[in-house]
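Report on the structure given below.
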């Protein structure tokens with residue numbers, strides 16, 4: 001009898017891990033010990049919250065809360081779960097330590113799940129906690145973009161092949177339709193309608209230039225690209241009061257990353273955008289995600305652009321010219 005009970009428990013445990021994780025892609029379920037309720041109420045999580053500046057300052061993480069005693073049922077299947085406990089004795093057994101007071105686990109109670117557990121001592125959270133949460137969010141969003149729009153894989157080999165003939169590749173998911181294909185002018189653009197009033201434009205500009213890349217040139221280059229190639233956008237401009245520019249090195253290529261707000265006074269509309277500009281072998285590449293989602297969040301779509309840009313390969317790196 002005991003053997004049958006053990007077997008039944010093993011089968012139930014295996015079945016419980018078959019379910020797919022659920023919940024908002026950017027959501028974090030915070031499961032906390034009651035002793036930390038005041039810490040949370042007084043804004044203890046603000047120090048690990050991240051923001052992205054678009055039309056407004058947007059928070060990256062979306063919190064939901066449950067006390068340890070409430071953690072059961074569908075809550076155990078959430079995509080990203082953060083345990084906050086006052087001492088190590090309350091840490092879940094299913095996670096592994098990565099540093100003092102910080103543990104992680106994957107696919108603990110559901111597939112495609114990230115579990116992070118932190119010991120809060122003297123009102124202090126581990127320094128790397130925010131980074132771990134953002135890594136989990138990026139992984140969840142990547143899986144959504146390239147696998148979960150529909151039940152079939154969303155990566156597009158045909159699109160990769162067509163771009164490779166131009167000397168580079170970017171993995172633009174099948175959910176995007178080709179809006180503009182002008183390779184002779186050094187420009188292609190893809191579009192995804194993500195809601196009733198939500199439109200995403202992913203653009204790639206490539207050309208030779210002797211101009212040295214700096215912050216000012218980067219912003220002007222993005223602005224010029226939109227005015228020349230985007231539909232009915234001759235009046236588009238980058239709002240200089242709502243823009244951040246940072247130097248980057250991506251796979252050995254120097255460049256600049258821009259995030260901010262675009263506006264068009266002719267049509268009285270505006271939105272968020274992010275642009276990555278890279279220089280490679282005398283060529284300049286501009287990859288841009290423009291978001292139009294009036295009155296609603298833009299951060300997930302900005303991040304979607306970053307994830308797509310991360311697939312960029314130039315020249316010999318992917319076998320092209």
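Some notes on this structure:
- Distance in nm between pseudo-label sites at residue 246 and residue 228 (7 Å out along the Cβ direction from Cα): 2.8
- Three principal axis lengths of segment 234-321 [C-alpha, angstrom, descending]: 43, 24, 21
- Mean separation of Cα contacts under 8 Å, 6 or more apart, over the residue count of the chain: relative contact order %: 15
- Protection-proxy order for peptides 169-179, 56-66, 198-208, each taking the mean of Cβ atoms within 10 Å per residue, highest first: 198-208, 169-179, 56-66
- Cα shape, segment 109-196, gyration tensor, a/c 1.5 rule: prolate
- Listed peptides 268-279, 183-194 appear in the order 268-279, 183-194 once ranked by packing, highest mean of other Cβ atoms within 10 Å at the front.
- Cα-based helix-to-principal-axis angle, 129-143 vs the chain, degrees rounded to 10: 70
- Spread of Cα-to-Cα distances over 10 Å intervals beginning at zero, given as percent, for segment 276-315: 27, 44, 22, 7, 0
- Nearest 10 degrees, 0 to 90: helix 2-16 Cα axis against the chain principal axis: 20
- Summary of the geometry: segment 231-254 and segment 81-146, compared by the centres of their Cα atoms, lie 33 Å apart.
- Using bins of 5 Å that start at zero, the share of Cα-Cα pairs per bin across segment 60-128 amounts to 3, 16, 27, 28, 19, 6, 1, in whole %.
- Percentage, to the nearest whole number, of Cα pairs in segment 2-148 over 19 Å apart: 55
- Theoretical gain in end-to-end length, residue 296 to residue 281 [0.36 nm per residue, Cα-Cα removed]: 1.4 nm
- Restricting the calculation to Cα atoms, every distinct pair contributes to the Kirkwood radius of the chain, found to be 21.9 Å.
- Along principal axes, Cα extents of segment 161-240, largest first, whole Å: 35, 33, 19
- Per residue, the Cα convex hull of segment 93-245 amounts to 217 Å³.
- Whole-Å semi-axes of the ellipsoid equivalent to segment 157-318 (Cα gyration tensor, √5λ, descending): 23, 19, 15
- The antiparallel fraction among DSSP beta bridges confined to the chain stands at about 80%.
- Length added when fully stretched, residue 166-residue 184, from 0.36 nm per residue minus Cα-Cα: 5.5 nm
- Nearest 10 degrees, 0 to 90: helix 215-229 Cα axis against the chain principal axis: 70
None of the figures in this text is laboratory data; all of them are computed from the coordinates on show. Owing to the predicted nature of the structure, the values given are computational and were not obtained by experimental measurement. Neighbour counts are summed over all protein chains in view; Cβ atoms, including those assigned to glycine, are modelled from backbone coordinates with ideal geometry.
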